[in-house]
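The values are calculated or read from the model by the stated rules, or taken from the named source; none is laboratory data. Computed from a predicted model, the values in this text were never measured in an experiment. Quick reminder, even Gly has a Cβ in these numbers, built from the backbone with ideal geometry, and neighbours come from all protein chains shown.
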Protein chains: 2
Amino acid sequence: MAKRAEDLSEFAQFASRLADAARAETLPRFRAGARADNKSKAAFDPVTDADREAERALRRLIRESFPAHGVIGEEFGEENAGAEWRWVIDPVDGTRAFCCGAPSWATLIALERKGAPVIGVIDQPFTGERWTGWGGASAHQRGAERRACRVSGARRLAEARVSTTDPRAGGYFTGEEAEAFLRLTHAARLARFSLDAYAYGLLALGEIDLVAEASLKRHDYAALVPVIEGAGGVITGWEGEPLGQDPRGRVLAAASPALHAEAVAFLSR
Amino acid sequence: MAKRAEDLSEFAQFASRLADAARAETLPRFRAGARADNKSKAAFDPVTDADREAERALRRLIRESFPAHGVIGEEFGEENAGAEWRWVIDPVDGTRAFCCGAPSWATLIALERKGAPVIGVIDQPFTGERWTGWGGASAHQRGAERRACRVSGARRLAEARVSTTDPRAGGYFTGEEAEAFLRLTHAARLARFSLDAYAYGLLALGEIDLVAEASLKRHDYAALVPVIEGAGGVITGWEGEPLGQDPRGRVLAAASPALHAEAVAFLSR
């Protein structure tokens, strides 16, 4: 019953088709909201529309091509629960960025086998960038340009460029988490915020060295794992445990095992 | 001696040529740093190189075309001090974003007449976006697409999307400023960070409603003024005073006079 390794290539191509289908629903709605919003405040929500229509399109494609596969998405729950292969989709990760016209939101698509993510896609339609990870490697594509991803390998927090989407307490972070992350930014070389899933893409490209977040759900991080690991990075919970064990949804991604270990120690202080 | 209004059109075209020239120096160095950095840490600084080479290229072009004009830039000081027309340039605004591979840095070009910015350009080479403001209007260009800019017109803080580059104390903000801005984010609809000059471009597009920053220098904000005002927005210091009077470099830009007034009152509490 087990799929052979080479079948992943077929699934990875299909994941790219899914990302294309999502683009067709999300991109026309991006930066189209404010004007319409002024006319009719209640009736128009471009993010929700983009989310729903993209998730519908993706589910339709998966049902047609792989009717036995499971699907779980942000908007419409789970189909075929218990299937060996499961698609985990988040059509618009970074709703707030989408609402602000900032191109850091992304479509996230993962394929899990028996609960482990084996393919991950991070797609940013406005910049035209797509990260794909599977089979121990990751690639970054933009138009005709394609290159293998490789993390920076930075080993020390003092030289690291660190990121989280929202550093404030009371959002994704508890007060304690916000304080720990703030201390971490002061020990690091520099900090950037509000990058959503795009930050993990930049980590895979060697441009950011550490990302720490909390309150992430499976559809927020499943797609990140093959991209980060395929680029040579490390991604776990804040205590170094495998993802999925922590009900607080705390995710820590780093450009080297040494930096990862330093951050685990730092955040647990 | 005074230039006629129609001459501004010639200068605006020239400002676009300057932005093109800056792109040629900055874009090839963007996301090219990390790999080289691993080999030779001390010898390679793509941001400084991009900054310096772009500023050199711009100064050369200005000297050739308008030898009587003044120039002031981040790297090489002032030329022709006291000239009626002065170019104010910042080849890479958002150094930290540039270092992280995040496409929120921008080239900023302003033309001042007798100290007042009359043309402003915000150029983001990676996304291929350019905002140009002059003569009471602003436009956004991306490839062949061009549209007039118009702020959202949002009138209340409670519905506003607000932004600042770094919300932490001890960076651009004093402890007091950081606290005031944090309170403001909690009163607003949502907050995004780390967008640099790109945030003002999004404000001009109606996608962000309020931006507040501190520690900005003339070359950080001169180009923003014609873009924001040309889109129907308001841009002043935190107390509503004209820009340039506050040695703390506090800048407040808003999508409507009502929202601006509410933010002035809020930040002075």
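In the range A:113-149, which residue that is of a type in the set (D, E, K, R) and within 19 Å of residue A:195 (Cα to Cα) is farthest from the chain's Cα centre (by Cα)?
Going residue by residue through the range A:113-149, those that are of a type in the set (D, E, K, R) are A:113-114, A:123, A:129-130, A:142, A:145-147.
Restricting the remaining residues to those that are within 19 Å of residue A:195 (Cα to Cα) gives A:123, A:129-130, A:142.
On the way: A:123: 9, A:129: 13, A:130: 11, A:142: 17 Å.
Checking each candidate, the answer is A:142.
Residues checked against (1) at pLDDT below 95; (2) within 14 Å of another protein chain (Cβ to nearest Cβ); (3) outside any loop (DSSP other than H, G, I, E, B):
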| site | (1), (2), (3) |
| --- | --- |
| A:63 | no, no, yes |
| A:75 | yes, no, no |
| A:83 | no, no, no |
| A:87 | no, no, yes |
| A:90 | no, no, yes |
| A:97 | no, yes, yes |
| A:102 | no, yes, no |
Can you confirm whether the range A:140-159 contains a residue that is more than 10 Å from chain B (Cβ to nearest Cβ), surrounded by 24 or more Cβ atoms within 10 Å (Cβ to Cβ) and modelled with pLDDT of 95 or more? no
Within the range B:112-123, restricting to residues that are buried (at least 24 other Cβ atoms within 10 Å of the Cβ) and touching a Pro at 6+ places or on another chain (Cβ under 7 Å), the one that is nearest to the other protein chains (Cβ to nearest Cβ) is B:120
For the range B:242-269, how many residues are touching a residue at least 24 places away in the same chain (Cβ under 8 Å) and either surrounded by fewer than 19 Cβ atoms within 10 Å (Cβ to Cβ) or assigned to a helix (DSSP H, G or I) (or both)? 13
Being surrounded by fewer than 24 Cβ atoms within 10 Å (Cβ to Cβ), of a type in the set (A, V, I, L, M, F, W, C) and over 9 Å from the mean Cα position of the chain (by Cα) narrows it down to one residue among B:216, B:210; which is it? B:216
Against the condition crowded, with 22+ Cβ neighbours inside 10 Å, on the phi < 0 side of the Ramachandran plot and among the small types (Gly, Ala, Ser), how does residue A:54 come out, does it pass? yes
Residues (facing chain B (nearest Cβ under 9 Å), of a type in the set (A, V, I, L, M, F, W, C) and either in a helix (DSSP H, G or I) or touching a residue at least 60 places away in the same chain (Cβ under 8 Å) (or both)) located in the range A:168-210: A:182, A:195, A:199, A:202, A:205
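So which of B:181, B:126 ends up being among the hydrophobic types (A, V, I, L, M, F, W, C) and touching a strand residue (DSSP E or B) at 6+ places or on another chain (Cβ under 7 Å)? Even if it seems obvious, please write down each step before you answer.
Numbers: B:126 fails: touching a strand residue (DSSP E or B) at 6+ places or on another chain (Cβ under 7 Å).
On inspection, the qualifying residue turns out to be B:181.
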Matching residues, the range B:220-241, being surrounded by fewer than 24 Cβ atoms within 10 Å (Cβ to Cβ) and either at pLDDT below 95 or within 14 Å of another protein chain (Cβ to nearest Cβ) (or both): B:232
With respect to residue A:90, determine if the residue is in contact (Cβ under 8 Å) with a residue 12 or more places away in the chain, in the same structural domain as residue A:49 (by TED's automatic domain parsing) and acidic (Asp, Glu). yes
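Return yes when residue A:182 is surrounded by fewer than 24 Cβ atoms within 10 Å (Cβ to Cβ), farther than 13 Å from residue B:102 by Cβ and outside the structural domain of residue A:88 (by TED's automatic domain parsing) and no when it is not.
On the way: surrounded by fewer than 24 Cβ atoms within 10 Å (Cβ to Cβ): yes; farther than 13 Å from residue B:102 by Cβ: yes; outside the structural domain of residue A:88 (by TED's automatic domain parsing): yes.
Considered against the rule, which asks whether it is surrounded by fewer than 24 Cβ atoms within 10 Å (Cβ to Cβ), farther than 13 Å from residue B:102 by Cβ and outside the structural domain of residue A:88 (by TED's automatic domain parsing), residue A:182 comes out as yes.
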Would you confirm, using the coordinates I've provided, whether residue B:127 is under 27 Å from residue B:182 (Cα atoms) and at the interface with chain A (Cβ under 10 Å from one of its Cβ atoms)? no
Filtered residue count, the range B:149-167, keeping only those that are out of contact with any Asp or Glu (no Cβ under 8 Å at 6 or more places or on another chain) and part of a strand (DSSP E or B): 1
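Restrict the check to the range B:162-176 and report whether at least one residue is surrounded by fewer than 22 Cβ atoms within 10 Å (Cβ to Cβ) and within 16 Å of the chain's Cα centre (by Cα).
Of the range B:162-176, the ones surrounded by fewer than 22 Cβ atoms within 10 Å (Cβ to Cβ) are B:168-172, B:174-176.
Remaining after also requiring within 16 Å of the chain's Cα centre (by Cα): B:172.
The answer is yes; a qualifying residue exists.
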